[in-house]
Structures are given as structure tokens and as C-alpha cells.
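J.: Structure below; questions to follow.
The values are calculated or read from the model by the stated rules, or taken from the named source; none is laboratory data. Quick caveat: nothing in here was measured; it's all calculated off a predicted structure. Positions of Cβ are generated from backbone atoms using ideal geometry, with glycine treated the same way; all protein chains shown enter the neighbour counts. Ligands, DNA and RNA are stripped out before the accessible areas are found, and what is left, the full protein with its side chains, is counted by its heavy atoms. Shrake-Rupley method; radii C 1.70, N 1.55, O 1.52, S 1.80 Å.
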Amino acid sequence: MYDFKDRVLLLTGAAGGIGQAIAEVFEDTGAKLLLADMDEARLRSMAARLNADRCAIARYDAAAPHDATAVVDACVRRYGRIDFAVPAAAIYEEVRFAEMSDEQW
């Protein structure tokens, strides 16, 4: 298994099935998590099952460019950096990450 001790994951779409599975794997391997999703109730429930010292949540709407900036800023404020970003929220066009516009993101 991987060792992500003290590495930082920013995960969007965290409250969905795939997002929850990703969060559990990273948490099990020692990562710190910023979990983002529109469903705050599911995020809170999910975070309660994880290590509270290594888990934070944030409301996130994948269709709102401002929310993307806000969750990045929140993650950096809390943990000082981002080592991994997993965009598991919604469905997007098949475009290289670095070439995505705000609308595509």
C-alpha cells in the first residue's frame, strides 16, 4: 500500500460513491484531506467517520468557478499546500486538465 503520511489531498465530489472510496484510501494511507462537495450533510457524516485531525470539509459547486478558487484557498490555508487534486465532481468534457477553461471545469 502507499504511504501518503502528511501528504494533502483536495478531493471534489467527495460525497459521492467514488469520492468516498478515494477519500477512504487516502485517509487509510495517512493523507490529510480537504473534502469538497455540494452535499454538506453527507460531507459532515463522512468526515465524522474519518480522522478529524486530518480531515476538513468545504461546500463546492463544480459549476461555479469561484468555488474552485475558494476550496483551493481553503486547503492551502489549512494545510499549507496541495499534493494531490482529484476532480471527482460531476462529469466533464474529455479535455486535458491544464487546458480546461473555467466553464469546462
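J.: Grab the strands (runs of 3 or more DSSP E) fully contained in the range 19-105, keeping just those with 1 or more residues being more than 13 Å from Arg7 (Cα to Cα), touching a Ser or Thr at 6+ places or on another chain (Cβ under 9 Å) and among the hydroxyl-bearing types (Ser, Thr, Tyr).
T.: Numbers: elements: 32-37, 55-59, 84-87.
Result: empty, no element qualifies.
J.: Select from the range 74-101 the residues that are modelled with pLDDT under 80 and charged (D, E, K, R) and write down the one among them that is most open to solvent (accessible area, probe 1.4 Å). First the steps, then the outcome.
T.: Here is the first cut: in the range 74-101, the residues modelled with pLDDT under 80 are 90-95, 97, 100.
Adding the requirement that they be charged (D, E, K, R) leaves 93-94.
Details: Glu93: 111, Glu94: 188 Å².
It comes out as Glu94.
J.: Restricting to the range 56-80, name every residue that is farther than 10 Å from Leu34 by Cα and among the β-branched types (Val, Ile, Thr). It would help to see each step written out before you state the result.
T.: As a first pass, look at the range 56-80 and keep what is farther than 10 Å from Leu34 by Cα: 59-70, 73, 77, 80.
Passing the criteria: only Thr69.
J.: Can I ask one more? Can you find, within the range 29-62, the residue that is modelled with the lowest pLDDT among those that are in contact with a Phe, Trp or Tyr (Cβ under 9 Å, 6 or more places away or on another chain) and farther than 20 Å from Arg77 by Cα?
T.: Taking the candidates together, the pick is Ala62.
J.: Okay, moving on. Among the residues of the range 6-23, write down those that are modelled with pLDDT of 95 or more and farther than 26 Å from Ala64 by Cα.
T.: Once the filter is applied, which keeps residues that are modelled with pLDDT of 95 or more and farther than 26 Å from Ala64 by Cα, the range 6-23 yields only Arg7.
J.: Can you tell me which condition Glu40 does not meet? The list is (1) in contact with a strand residue (DSSP E or B) (Cβ under 8 Å, 6 or more places away or on another chain); (2) touching a residue at least 24 places away in the same chain (Cβ under 8 Å); (3) not hydrophobic (A, V, I, L, M, F, W, C), and all the others hold.
T.: (2)
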